[in-house]
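Derivation of every value follows stated rules applied to the coordinates shown; laboratory data play no part. This one's a predicted model, so the numbers in the text were calculated from it and none came from an experiment. Heads up, the Cβs are rebuilt from the backbone with ideal geometry, glycines too, and the neighbour counts pull from every protein chain shown.
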């Protein structure tokens, strides 16, 4: 009798909760308890604001138009047979060496250069993208938001309009959401659901489920090897276990064994190799780049510069390599070489924030605030940072745009009230205020 009463009360409580906040899972059709029920329009808006910041945090986009089109074509082939084919999906290749893939709310999906070069065929790539699609269609990121994790930040993003140069408001909040989603891991249940949805979408799109099996076997080997890049990349955000691998193999055996060796279900080896050929040619250069970053972390700047120089010689058309070399020279106080390399980085890739930040800082040091402003505004538009905001305010001050300078200094002071940069910004804002009153 007590168990029946408890069950009735539990159902009643859930029903009452859903009157004020229940979200419907588009995959299962079931209601899920939520502190705030974000609409699909809000989900898409949130993702569109956070995704560009996530791309910047992952070293920017890898620029190869044919590869981008290839990955997008595979992603859309899967998306069109998914539970939410109507979303405006975006697929990107990001220039990060750590093997990873991620999904932002509303249909924004990215795979890293580091994971792409580890794959062997198109069906394995489809397994990765299908898994990320599963996170989108089942609204896993939104589940975490709706249950209260980062909810306030998410709501603030939806209520702000971004000016593109401000360190406050939507730009700053979007950065917090992007960083938190990139750093957070999914639950075991969410990973299992995304795995199975990805397999369903693969088969519906006529990809061989063998690719999903191969991917799981490959991940099992990498998990056993304990490589730092994998532990800090894919396995940190997408926890792997042999139990998960066995579950997926059972799911395929029980549902899709008939498709495993069916010639109508493709693996796409040839197309994959052709699309990947230019990327593979840069792999040695990026291996040197990774060694250079390791030396930087160990504060061996001379060693880092040597590795970056070697990387640039092997792949001179890669903007990120010139950026790394330029920033290393800047940290080593060689401003002439830093400027030369950062100008080249911007010429090759004008959409990565750090190159513009470095150039803006150098132009400010050369007492050229007009050019400094140009690059710092671009840097802040791509990814707002405290340093970028402070130096942009300084460039405004030097060209007598005092109202802009004071406002931006005040935002830095508010965002970093206990830090040295925040205190310096507060002092500059007060000084400008005193001058303007006189």
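So for the pair residue 309, residue 333, with labels modelled 7 Å out along Cα→Cβ, what separation do we get in nm?
Modelled inter-label distance: 1.9 nm.
Rounded to the nearest 0.05, what FRET efficiency do residue 39 and residue 302 have when you use their Cβ-Cβ distance and R0 = 51 Å? Please report the intermediate quantities before stating the final value.
Values: r = 54 Å, r/R0 = 1.07.
Once rounded, the FRET efficiency stands at 0.40.
Tell me, in nm to one decimal, what length is gained between residue 401 and residue 204 on full extension, where the rule is 0.36 nm per residue of separation less the Cα-Cα distance?
65.1 nm
At a 10 angstrom cut-off on C-beta neighbours, averaged per residue, how do the peptides 269-276, 380-387 rank from highest to lowest?
Output ranking for 269-276, 380-387: 380-387, 269-276.
Between the range 363-378 and the range 266-326, what's the alpha-carbon centroid distance in Å?
29
Figure the gain on full extension for residue 187 and residue 117 (residue separation times 0.36 nm, minus the Cα-Cα span) and round it to one decimal in nm. Don't skip to the answer; put the middle values down first.
Values: separation 70, 0.36 × 70 = 25.20 nm, distance 2.67 nm.
Length difference between fully extended and current span is 22.5 nm.
Assuming 0.36 nm per residue, please report the length gained on full extension of the stretch residue 430 to residue 417 beyond their Cα-Cα distance.
Answer, rounded to one decimal: 3.3 nm.
In what order do 201, 363 fall by count of nearby beta-carbon atoms within 10 Å, going from fewest to most?
The fewest-first ordering by Cβ neighbours comes to 363, 201.
Where the centre of each part is set by its Cα atoms, how far does the range 82-143 sit from the range 189-239, in angstrom?
Computed from Cα coordinates, the inter-centre distance equals 11 Å.
Order these peptides, 79-87, 181-189, 370-378, by their mean beta-carbon neighbour count within 10 angstrom, highest first.
With the highest mean Cβ count within 10 Å placed first, the list reads 370-378, 79-87, 181-189.
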